[in-house]
Amino acid sequence: MAERSATSRRGFIASTFGWVAGAAASRAGAAAQTADVRLQPTPSNEVDQNPIRRRGVGLRGLDSARACPGSTLFAPMGGGGKVYLIDLHGAVVHTWTLPYPPGLYGYLTDRGTLFYNGQIPNATFLGKSPFMGGAAMEVDWNGKVLWEVRRPDHHHDGRLLKNGNIMLLCAMELPDQIAARVKGGRPGTEVSGRKIWADFLVEMTTEGKVVWEWRAWDHLDPEKDVITEVQGERSEWTHGNTIFEEPDGNLLVSFRDISTVVRIDRKTGNILWKLGAPPLCGQHAPNRLANGNILMFDNGAHRLDESFPFSRAIEVNPSTNEIVWKYQEPRMWNFFSPRISNAERLPNGNTLINEGMFGRFFEVTPQGDVVWEYVTPHFGPASAPSKSQFNSVFRVYRYSEAEIDRARRAAR
């Protein structure tokens, strides 16, 4: 198990801070684009009231000899539709401006385009909250929209499949007889006293024709697959947050509220594999690795096997359900994102981790040493009446120069 001490982290940041400041000075153009490690200037009689920005944003440290080369893609949740690609020094390589805010993220496809989940105006509700979704689209390097589909029940995730279709995560109200059987959560928090929402999957063509569906309530048991958060609301049962297409075409799907990841057989719809709580707790973004294991971000807001919350990235052997690798802080509360977030295994064996609620991206070696760290400076507009701002990011991905070149060429 690979873990890193808080002391080594402080030493890493201290040893690289001088390099970062020098690099920022010598890369004036990049600094102008990215808002480096220095705080935003404020009048001498004022203190910035945003604690994340007050602690510092931009590039926090880089070990160029051990970091995986490439650029990192992210879409700030408060950014209004801007998608950024930054290099290891924090300089902006490219931006896309999309017609909608993220609902909730984008990624580069194998054919060099950007697939983007957008939040349409006047979104309907997922349980009691406006959900993040409604639109999915593919755009080229220059931001030209190649196609777009809309579904008012789409939320959180959508993926471009190998067959050229798209898979959308959607939600609807459960039939009353099934909603009455859902266990867990805080009584009395259903919608209108009795309504509970749950997830289903929709495969459709880029012209909008539905060709396949899968409904959670047909394959999960509301009395056994319970809402694991004792204090959680009962407005939702499953709360899906991830679809991942495996090499064989089967699907990994993550359900946060029941702290469960399932593997779905695309031919039969049957669940081939399932992992729940413990060890999982409100997890996000499971993805299959080349070695057959599954990597995911385990958020940990309400663990059933620990007395306080903490986050970690874990690699699970699905044959045994054993955690074969993990990254977490020795002082576990030093690393925590109660919602969103992801982890990606990089070509050099390192792991890119997104502590999503706080807009912090960092890369660790297999031994747990941090070799790159960046905090996004994109906070979005302040919301009334609290004037609060956030720099949250749902997912981040690292791309090689070859992948970026392919995206550039695809638009010509």
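Where a number appears in this text, it was derived from the coordinates with a stated rule and is not lab data. Because the structure is predicted, anything quoted here is derived from the model rather than measured. Here the Cβ positions follow ideal geometry from the backbone for every residue, glycine too, while neighbour counts run over all protein chains shown.
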task = Give me the lysines in straight-line cross-link reach of Lys183: C-alpha distance below 26 Å, same-chain residues under 8 apart excluded.
result = Lys128, Lys195, Lys224, Lys274
request  = State the Cα centre-to-centre distance between segment 152-170 and segment 356-412 in whole Å.
outcome  = 22
ask   = If the cut-off is a Cα-Cα distance under 23 Å, which lysines reach Lys162, setting aside same-chain residues fewer than 8 apart in sequence?
value = Lys144, Lys209, Lys267
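Once Rh is set to the Kirkwood radius over Cα pairs, what Stokes-Einstein translational diffusion coefficient, in µm²/s, holds for segment 142-292 at a temperature of 10 °C and a viscosity of 1.306 mPa s? Can you show the working numbers first?
Numbers: Rh = 16.1 Å.
So the translational diffusion coefficient is about 98 µm²/s.
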query = Within segment 183-210, what residues put their amide N at less than 17 Å from the label point 7 Å along the Cα-to-Cβ vector of Lys224?
reply = 183-184
message = Tell me the angle of helix 6-26 to the major Cα principal axis of the chain, expressed in degrees between 0 and 90 and rounded to the nearest ten.
response = 60
ask   = In degrees between 0 and 90, to the nearest 10, how far off the longest principal axis of the chain does helix 401-410 point, with axes built from Cα atoms?
value = 70
Residue-averaged [θ]222 nm for the chain, counting only DSSP H segments that reach four residues, each worth -39500 (n - 2.57) = -3500 deg cm²/dmol
inquiry  = I need the shape label for segment 328-380. Rule: rounded when a/c is under 1.5, else prolate if a/b > b/c, else oblate, with a, b, c from the alpha carbon gyration tensor.
reply    = oblate
ask   = So which trypsin sites (Lys or Arg not before Pro) in segment 199-300 are both in a DSSP loop and have at most 13 other Cβ atoms within 10 Å of their Cβ?
value = Lys209, Lys224, Lys267
key: Length-normalised contact order of the chain in % [C-alpha pairs under 8 Å, at least 6 apart]   = 16
key: Neighbour-count order for Arg395, Arg345, Arg409, Arg151, fewest beta carbons within 10 angstrom listed first   = Arg409, Arg151, Arg345, Arg395
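Which loop-located GluC sites (Glu not before Pro) does segment 134-230 contain, where loop means any DSSP state but H, G, I, E or B and the Cβ has at most 10 other Cβ atoms within 10 Å?
Counting only loop positions with at most 10 other Cβ atoms within 10 Å, the GluC sites (Glu not before Pro) in segment 134-230 are Glu207, Glu223.
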